[in-house]
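Step one of this worksheet: look at the structure below.
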Amino acid sequence: MKTITVVGLGYVGLPLACLCAEKNFKIYGFDIDKNKADLINSSQSPIEDEYVINKLKNIKNKINATTNADECIPGSDIIIVCVPTPVDRNNSPDLTALMESVSTISKFIKQNSLLIIESTIYPGTVEEIVVPILKKQKFDAYKNDIFVAHCPERIDPGNKKWTIENLPRVIGGITKEAAKKAAEFYRSIIDADVIELSNIKAAEATKIMENTFRDVNIAFVNEMAKSFDKAGIDIIEVIKGASTKPFAFMPHYPGAGVGGHCFDRNEWIFVKYEDSVYPIKIGELYELLKYYNEVEIGETRLVNPGNLEVLSFDLNSKKSCYKPLKLLSKRPYSNMLRIKAVGNYSIKLTDKHPVVVFNNGLKIKPADGLNRNDRLVVSLELPDLDIESEINFEYSNLIQKTIINLQENLKKLKTYPGVEIFDTFAAIKIQSVEELRGDYVYSLEVKDTGTVVTTNGLVMHNCIPVDPYYLIEKAKLIGFNHKFLSLAREINNSMPQYTVELLENELKKFKKTIKNAKVGVLGLAYKANVDDTRESPAFEIISILKTKGADVFVFDPYVRKNSNVEDLDGLLQKSDYIILVTDHDEFRSMDTSKLKKYKISVVIDGRNCLDKERIKGMGISYHGIGRS
Ligand SMILES: NC(=O)c1ccc[n+]([C@@H]2O[C@H](COP(=O)([O-])OP(=O)(O)OC[C@H]3O[C@@H](n4cnc5c(N)ncnc54)[C@H](O)[C@@H]3O)[C@@H](O)[C@H]2O)c1
């Protein structure tokens with residue numbers, strides 16, 4: 001009997017460990033979370049997943065969960081890594097858990113074992129990161145000292161039709177033998193095709209292609225929904241119609257989407273106008289420009305900055321440069337962070353804002369995902385600002401002070417602990433990340449480079465979001481610009497704002513506003529019948545509602561700890577209007593007569609899963625995404 005260790009017992013690793021146990025392998029689970037290990041050892045599931053809950057009961061203590069690698073790795077023939085690679089729905093993935101786990105494994109793994117990576121990774125990761133870690137322990141994966149393969153996980157938690165047992169898998173290996181061994185293993189546990197690809201990069205790229213396919217199609221359908229809504233056409237009916245075509249159409253559904261990222265008004269940028277460079281606070285630039293061309297889209301306001309350029313930093317050439325400023329926007333947002341680094345370096349931005357960091361190379365990470373290995377990047381190629389020259393500008397004193405500060409800080413930079421100086425930039429140690437209350441926030445989009453040099457020379461990414469598109473960022477670093485994918489992200493990111501606007505538009509019909517409105521939000525999870533809230537649009541929606549002054553009530557049967565009411569009835573009782581964000585079965589199948597009973601007057605169906613005719617029939621306003 002072969003022995004297997006599954007490393008990382010989450011949504012991916014735990015179902016796999018259960019399946020291996022069922023197939024009579026000797027099975028260990030290795031995780032750094034002791035609580036999880038203890039729960040699993042007492043046959044309780046640490047995740048709200050029906051499949052796992054049932055399996056753990058059936059297999060009765062067959063998984064030996066541990067936090068000690070030396071208990072399980074040395075005796076294992078197969079080790080499967082399922083650790084998180086967060087920021088998994090767009091931008092640069094954080095590979096810390098992968099590196100740490102493989103490093104631990106490499107210290108205990110025995111010669112000729114099979115090491116499979118299931119975590120989502122970008123093409124090249126196994127060869128560039130995993131293989132060198134093994135090499136440090138004198139294992140040459142190209143010579144099959146360890147058989148190394150990648151089998152991207154496709155699991156869709158909560159999906160009852162497609163489970164780990166019947167989903168086909170693709171495999172790539174560092175060597176042909178490794179791919180073959182991994183394929184044999186999967187064939188022994190699943191009842192579906194297992195396809196061996198010719199190399200490991202192709203297997204890594206397969207997963208990225210699958211995620212991207214979904215995102216692009218959802219963006220397409222979100223755009224159609226917005227357009228059809230204006231034309232009074234029900235998108236769901238149209239999708240139903242188009243789905244009858246037996247080939248070349250695959251239904252995707254519009255929905256409330258995910259969010260965007262901004263800076264505090266007091267952060268500085270360097271603006272070039274007619275050959276002169278002015279440092280200016282982003283909020284002040286907005287106020288100056290708004291008189292000319294402000295456009296209001298709900299609570300978000302946009303200005304077109306005309307022919308201004310801003311100081312940017314090209315992540316490819318690692319040089320600073322001026323790039324056209326395409327758009328500047330202002331909107332309310334409630335979750336902000338202050339990142340403080342050595343010296344006087346600090347920046348205030350929205351919690352998920354993409355930040356350029358140096359961590360074994362330049363990367364982009366969301367602000368709330370920064371860890372101790374990340375360092376902020378300061379551009380050393382700041383504009384040659386001549387403080388003696390006359391500046392005919394309202395804020396000239398402030399500007400001069402800023403420039404002096406900036407120049408002094410740059411001079412002192414080398415003296416700070418842990419600062420690494422490169423040709424064109426410095427990498428500086430983060431000291432703290434502090435949570436702050438929200439306010440109006442400002443975002444800007446910079447052409448081509450997508451980065452902006454802000455306060456004291458700190459390099460940040462602009463507002464184009466974090467998510468399945470680390471491909472966009474990775475491609476940028478190797479000199480390719482994914483226009484199509486960036487556009488898809490832009491559309492999908494506009495959906496939380498759009499969802500709130502739907503409510504506002506309905507309220508306008510009753511001459512009401514969102515301020516002090518009692519709004520119930522149904523669902524926090526990112527998809528139906530799971531408790532996973534990562535990347536869920538619910539948080540962005542709640543944040544927009546709160547910033548606009550609404551009283552927000554939240555209920556998710558799978559995420560009770562973040563709900564502020566007991567149950568659905570409690571939520572309906574307290575609310576006048578509801579926004580459905582997650583299509584949990586409990587919401588889909590709710591007795592809609594309760595809406596009438598609790599005097600709900602507007603229903604915004606962010607997942608188009610409620611019975612619109614019945615709701616409208618009760619005299620309640622109904623608006624879905626692309627249907628009303
Ligand atoms: N959840 C999904 O729907 C899904 C689907 C397909 C692919 N994936 C990919 O699978 C991978 C795992 O995702 P998940 O959703 O299971 O994550 P998860 O957060 O649910 O579980 C990961 C587990 O790994 C553990 N862990 C973290 N660092 C570790 C370390 N150094 N050593 C050992 N254990 C460690 C964590 O404690 C946690 O229990 C990710 O790369 C993800 O992108 C996820």
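The values are calculated or read from the model by the stated rules, or taken from the named source; none is laboratory data. Bear in mind the structure is a predicted one, so any value in this text is a computation, not a measurement. Neighbour counts are summed over all protein chains in view; Cβ atoms, including those assigned to glycine, are modelled from backbone coordinates with ideal geometry.
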Segments classed as strands (runs of 3 or more DSSP E), wholly inside region 437-540, with at least 3 members that are modelled with pLDDT of 90 or more and of a type outside the set (D, E, K, R): 518-522
In region 551-568, what residues are among the hydrophobic types (A, V, I, L, M, F, W, C) and over 17 Å from residue 537 (Cα atoms)? 565, 568
Find the residue count for region 1-28, including only residues that are among the small types (Gly, Ala, Ser) and either near the ligand (Cβ under 9 Å from one of its atoms) or not assigned by TED's automatic domain parsing to the domain that holds residue 74 (or both). 3
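Tell me the residue from 312, 346, 329 that is polar (S, T, N, Q), more than 15 Å from residue 379 (Cα to Cα) and touching a residue at least 60 places away in the same chain (Cβ under 8 Å), please. Spell out how you get there, then give the answer.
Working: 312 fails: more than 15 Å from residue 379 (Cα to Cα); 346 fails: more than 15 Å from residue 379 (Cα to Cα).
Exactly one of 312, 346, 329 is polar (S, T, N, Q), more than 15 Å from residue 379 (Cα to Cα) and touching a residue at least 60 places away in the same chain (Cβ under 8 Å), namely 329.
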Could you grab the pairs with beta carbons closer than 8 Å, sequence gap of 6+ or different chains, first residue in region 1-17 and within 10 Å of residue 30 (Cα to Cα) and touching a residue at least 60 places away in the same chain (Cβ under 8 Å), second one more than 10 Å from the ligand (Cβ to nearest atom) and basic (Lys, Arg)? none
Quick one: in region 336-347, of everything that is buried (at least 21 other Cβ atoms within 10 Å of the Cβ) and part of a strand (DSSP E or B), which residue is modelled with the lowest pLDDT? 336
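Being surrounded by fewer than 21 Cβ atoms within 10 Å (Cβ to Cβ) and closer than 22 Å to residue 333 by Cα narrows it down to one of 518, 594, 527, so name that one. So that I can check it myself, show each step before the final result.
Values: 594 fails: closer than 22 Å to residue 333 by Cα; 527 fails: closer than 22 Å to residue 333 by Cα.
Checking each option against the conditions leaves just 518.
Out of everything in region 56-79 that is crowded, with 17+ Cβ neighbours inside 10 Å and more than 28 Å from residue 106 (Cα to Cα), what residue ends up being farthest from the ligand (Cβ to nearest atom)? Spell out how you get there, then give the answer.
Filtering region 56-79 down to residues crowded, with 17+ Cβ neighbours inside 10 Å leaves 56, 59, 62-66, 69, 72-73, 76-79.
Then keep just the ones that are more than 28 Å from residue 106 (Cα to Cα); that gives 56, 59.
Numbers: 56: 15, 59: 18 Å.
The qualifying residue farthest from the ligand (Cβ to nearest atom) is 59.
Name the single residue that is surrounded by the most Cβ atoms within 10 Å (Cβ to Cβ) among those in region 147-185 being among the aromatic types (Phe, Trp, Tyr) and modelled with pLDDT of 95 or more.
185
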From the residues in region 353-373 that are surrounded by fewer than 23 Cβ atoms within 10 Å (Cβ to Cβ) and in a loop (DSSP other than H, G, I, E, B), which one is nearest to the chain's Cα centre (by Cα)? 370
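Just the residues that are in contact with a strand residue (DSSP E or B) (Cβ under 9 Å, 6 or more places away or on another chain), at pLDDT below 90 and within 8 Å of the ligand (Cβ to nearest atom), please, taken from region 80-92. Give the derivation first.
Within region 80-92, the first condition is being in contact with a strand residue (DSSP E or B) (Cβ under 9 Å, 6 or more places away or on another chain), and the residues that meet it are 80-83, 86-92.
Imposing the further condition that a residue be at pLDDT below 90 reduces the set to 86-92.
Of everything in region 80-92, those that are in contact with a strand residue (DSSP E or B) (Cβ under 9 Å, 6 or more places away or on another chain), at pLDDT below 90 and within 8 Å of the ligand (Cβ to nearest atom) turn out to be 86, 88.
Quick check on residue 53: is it among the aliphatic types (A, V, I, L, M) and within 11 Å of the ligand (Cβ to nearest atom)? Give the derivation first.
On the way: among the aliphatic types (A, V, I, L, M): yes; within 11 Å of the ligand (Cβ to nearest atom): no.
For residue 53, the condition - among the aliphatic types (A, V, I, L, M) and within 11 Å of the ligand (Cβ to nearest atom) - is not met.
Of all residues in region 117-135, which are without any contact (Cβ under 8 Å) to a residue 60 or more places away in the chain and touching a helix residue (DSSP H, G or I) at 6+ places or on another chain (Cβ under 7 Å)? Before you say what the answer is, go through the steps one by one.
At the first step, the residues of region 117-135 found to be without any contact (Cβ under 8 Å) to a residue 60 or more places away in the chain are 117, 128-135.
117, 129, 130, 131, 133, 134, listed by residue number.
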When you go through 399, 421 one by one, which is the residue that is in contact with a Phe, Trp or Tyr (Cβ under 9 Å, 6 or more places away or on another chain) and either modelled with pLDDT of 75 or more or buried (at least 18 other Cβ atoms within 10 Å of the Cβ) (or both)? 399
